[in-house]
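Worksheet for the structure shown next.
The values are calculated or read from the model by the stated rules, or taken from the named source; none is laboratory data. Because the structure is predicted, anything quoted here is derived from the model rather than measured. Glycine gets a Cβ as well: all are built from the backbone with ideal geometry, and neighbour counts include every protein chain shown.
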Amino acid sequence: MSNESWDDGSAEPRPAPSPGWYPDPTGQGSRWWDGHAWGPPQTPGPAPTGYGSPAAPPYRSQSLPPTHELYRGPGGAEQEASWAVWSHLGPLLVVNVGGLLTAGVLSLVGWVFPLVVMNTVGSRSPRVRREAVESLNFQLSWLLYSLGFVFLVVVVAILTLGLGLFVVVPILLLLWVCEIALNIIGTVRANRPEPWRYPAIIRFVS
């Protein structure tokens, strides 16, 4: 058999088969036919069976690669894991630390961090996008809940001449602690990594 063309020894020529892995007539394993020429023999591994049916090379798995191998950005798996964690940790710092330093201004834009991650690194990694989407939905939901609760606090304060603040302010602080705790759980789960979905949120983005 020539390395330059396909010839099965029959008298009547027939079209060359499609590219693929075929049994090597010399008994050395399998050889790759690219449609025009043969590649070198590949061993070990059983030779494919069936004329004209390309098979996988004996040294390559057909299973899908792990999630981190799908990442197409610089830094590989470590960089991907880092961005998955920062999808949750970033808005946690922006909303709470930044919010305290700016009298609550930055707490209104915590959702921007996971949105940027989703549209940049998330376009190259399914794992990072999944974490960023979950974090984005959490930040948008809690922003909506917080604005609604602040409106309720103002109404209660007006109707009760301020006395109602002794009730609603502790509730507001409790909700703040819950928000921080959930964000920390999301960060830890993303670092392991483990599947995690924030409870009681609105799925704005999927």
So W176 ticks every box in (1) in the same structural domain as G90 (by TED's automatic domain parsing); (2) exposed (fewer than 10 other Cβ atoms within 10 Å of the Cβ) but one. Which box is left unticked?
(2)
Taking W196 as meeting all but one of (1) farther than 15 Å from V85 by Cα; (2) touching a Gly at 6+ places or on another chain (Cβ under 9 Å), write down the number of the exception.
(1)
Just need a number here: residues in region 104-131 that are outside any helix (DSSP H, G or I), of a type outside the set (S, T, N, Q) and buried (at least 19 other Cβ atoms within 10 Å of the Cβ).
2
